[in-house]
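A.B. asks: Can you read through this structure? Questions will come right after.
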Amino acid sequence: MPLILFAVFLTSSAVMPATSACSNGQCKLGDECSSDADCQSGLSCLSCSEAFKGKRCIRSKATDQFEITNSLPFNRYAFLTTHNSFANEEEPHHTGIRLTFVNQEDSVMKQLNNGVRALMLDTYDFKGDVWLCHSFGGKCHDFTAFWLAIDTLKQVEAYLSANPSEIVTLFLEDYVETPNALSKLFQDAGLMKYWFPVSSMPRNGEDWPLVKDMVANNQRLVVFTSKESKQESEGIAYQWNYVVENQYGDDGEHLGECSKRGESAPLDDKTKSLVLINHFHSIPIKELVCEDNSARLLSMLDTCHGTAGNRWANFVAVNYYKRSEGGGVFQAVDKLNGQLLCGCDDVHLCKPGSSSATCSAIKGQ
């Protein structure tokens with residue numbers, strides 16, 4: 001099914017009126033609800049004024065693609081990515097009044113538990129330490145700071161410790177100038193035991209190692225920095241040696257276009273094995289995001305697939321990742337993983353253990 005038609009199906013199915021009253025965990029995708037407790041597992045009760053009145057059960061948990069197969073290279077999978085993962089509503093104010101916007105609702109730990117597998121973090125020198133922060137004038141301030149970076153990284157460590165078959169990727173928009181501050185940060189957070197080394201990353205478009213081997217070797221944390229010098233000085237991979245990325249924010253949100261980010265190589269440069277697609281506006285507005293994360297997202301992924309030399313995205317970065325008209329970002333990532341794993345329209349159509357174009361006629365068979 002082409003992505004555009006898939007999007008129409010997804011949108012229409014998500015906005016169908018509920019056929020009967022439901023509650024106590026019995027409400028299905030698209031059913032009216034009053035709280036999360038009404039919805040079946042993997043669904044949340046949320047609003048989307050652009051598509052329907054009131055609240056409905058929509059998807060809020062990702063499919064674990066590694067349960068279908070973990071025998072493919074890392075670059076043959078797609079991962080849900082949160083933009084400004086640290087800028088979330090659950091984080092208390094640590095510096096007094098915070099006068100900046102948030103991009104997510106859930107804590108980092110909740111994001112990971114719901115299937116987010118890549119985090120975008122902005123790191124700054126601030127108050128003698130490394131903080132996660134929005135920029136104002138290129139600097140971190142009390143009114144744009146969120147919290148110490150080590151607190152987030154400790155959540156990542158706790159998640160990896162509790163989930164020994166999962167892999168997490170970090171994209172650092174890096175403004176830290178203090179020498180070795182980042183490498184010390186990862187050491188102090190207990191994350192070096194999961195570190196995937198730069199020396200094992202392909203530089204000329206080759207496949208990455210197999211996921212099952214990354215897991216077996218406990219190399220389950222992949223980290224990229226935007227600062228080129230840190231690959232040599234601290235052993236943190238320089239993102240643009242390995243990843244192509246489209247333009248972020250409003251400048252990247254033009255129907256039918258998928259332009260590259262300024263720092264990135266062209267999207268069709270196949271010497272970079274990983275493709276990251278941003279799909280979010282510059283200012284996150286919760287009630288408007290649900291439309292972005294639905295049919296528009298599927299359309300963008302289709303466009304970027306062509307622009308990237310017929311390569312499907314490995315990372316899909318969004319604001320308010322749970323907000324949609326129904327299946328949302330989770331259904332989009334299922335589509336990508338279906339294409340990457342077995343050439344199917346949905347990862348649930350891939351036969352478990354298959355690494356070729358072998359699709360089931362019915363999901364789950």
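A.B. asks: Conditions: (1) touching a residue at least 40 places away in the same chain (Cβ under 8 Å); (2) over 22 Å from the mean Cα position of the chain (by Cα); (3) under 30 Å from Gln331 (Cα atoms). Ala216 meets all but one. Number of the miss?
C.D. replies: Tallying (1) touching a residue at least 40 places away in the same chain (Cβ under 8 Å); (2) over 22 Å from the mean Cα position of the chain (by Cα); (3) under 30 Å from Gln331 (Cα atoms), Ala216 fails exactly one: (1).
A.B. asks: Pairs, please: C-beta under 9 Å, at least 6 apart or cross-chain, first residue under 21 Å from Lys227 (Cβ atoms) and assigned to a helix (DSSP H, G or I) and in the range 241-257, second modelled with pLDDT of 95 or more and of a type in the set (Asp, Glu)?
C.D. replies: Asn241/Glu228
A.B. asks: Further question on the same structure: List pairs: first in the range 258-269 and touching a residue at least 24 places away in the same chain (Cβ under 8 Å) and of a type in the set (A, V, I, L, M, F, W, C), second exposed (fewer than 15 other Cβ atoms within 10 Å of the Cβ) and not in a loop (DSSP other than H, G, I, E, B), Cβ under 8 Å, 6+ apart or cross-chain?
C.D. replies: As it stands, the answer is Cys258/Gly306, since those pairs meet every condition given.
Matching residues to (1) crowded, with 22+ Cβ neighbours inside 10 Å; (2) touching a Gly at 6+ places or on another chain (Cβ under 8 Å); (3) not aromatic (Phe, Trp, Tyr):
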{"residue": "Phe224", "(1), (2), (3)": "yes, no, no"}
{"residue": "Glu232", "(1), (2), (3)": "no, no, yes"}
{"residue": "Gln247", "(1), (2), (3)": "no, yes, yes"}
{"residue": "Glu263", "(1), (2), (3)": "no, no, yes"}
{"residue": "Thr271", "(1), (2), (3)": "no, yes, yes"}
{"residue": "Leu276", "(1), (2), (3)": "yes, no, yes"}
{"residue": "Phe280", "(1), (2), (3)": "yes, yes, no"}
{"residue": "Glu291", "(1), (2), (3)": "no, no, yes"}
{"residue": "Phe315", "(1), (2), (3)": "yes, no, no"}
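A.B. asks: Continuing with the same structure: Report, by residue number, each residue of the range 43-68 that is surrounded by fewer than 21 Cβ atoms within 10 Å (Cβ to Cβ), in a loop (DSSP other than H, G, I, E, B) and out of contact with any strand residue (DSSP E or B) (no Cβ under 7 Å at 6 or more places or on another chain).
C.D. replies: Ser49, Glu50, Ala51, Phe52, Lys53, Lys61, Thr63, Asp64
A.B. asks: Failed condition for Thr152, given (1) in contact with a helix residue (DSSP H, G or I) (Cβ under 6 Å, 6 or more places away or on another chain); (2) polar (S, T, N, Q); (3) over 25 Å from Val243 (Cβ atoms), with all others met?
C.D. replies: That leaves (3) as the condition not met.
A.B. asks: Does Phe224 qualify as being in contact with a strand residue (DSSP E or B) (Cβ under 9 Å, 6 or more places away or on another chain), farther than 16 Å from Thr169 by Cα and not in a helix (DSSP H, G or I)?
C.D. replies: In short, no.
A.B. asks: Of the residues that sit in the range 115-132 and are out of contact with any helix residue (DSSP H, G or I) (no Cβ under 9 Å at 6 or more places or on another chain), of a type outside the set (D, E, K, R) and buried (at least 16 other Cβ atoms within 10 Å of the Cβ), which one is nearest to Leu172 (Cα to Cα)?
C.D. replies: Going through the qualifying residues, I end up with Met120.
A.B. asks: Might you check whether a residue that is under 27 Å from Val347 (Cα atoms) and surrounded by fewer than 19 Cβ atoms within 10 Å (Cβ to Cβ) occurs anywhere in the range 74-89?
C.D. replies: Scanning the range 74-89, I find no residue that is under 27 Å from Val347 (Cα atoms) and surrounded by fewer than 19 Cβ atoms within 10 Å (Cβ to Cβ), so the answer is no.
A.B. asks: Mind listing whichever residues of the range 271-296 are assigned to a helix (DSSP H, G or I) and either among the charged types (D, E, K, R) or within 16 Å of Ser60 (Cα to Cα) (or both)?
C.D. replies: Lys286, Glu287, Val289, Cys290, Glu291, Asp292, Arg296
A.B. asks: Asp207 versus (1) closer than 25 Å to Asn88 by Cβ; (2) in contact with a Lys or Arg (Cβ under 9 Å, 6 or more places away or on another chain); (3) among the charged types (D, E, K, R): which is the lone unmet condition?
C.D. replies: Among (1) closer than 25 Å to Asn88 by Cβ; (2) in contact with a Lys or Arg (Cβ under 9 Å, 6 or more places away or on another chain); (3) among the charged types (D, E, K, R), Asp207 violates only (1).
A.B. asks: Follow-up question, since we're still on this one. Name the residue that is nearest to Met120 (Cα to Cα), counting only residues in the range 220-240 that are without any contact (Cβ under 8 Å) to a residue 40 or more places away in the chain and not aromatic (Phe, Trp, Tyr).
C.D. replies: The qualifying residue nearest to Met120 (Cα to Cα) is Ala237.
The values are calculated or read from the model by the stated rules, or taken from the named source; none is laboratory data. Note that the structure is a prediction, hence the values are computed from the model and not measured. We place every Cβ from the backbone using ideal geometry, glycine too, and count neighbours over all the protein chains shown.
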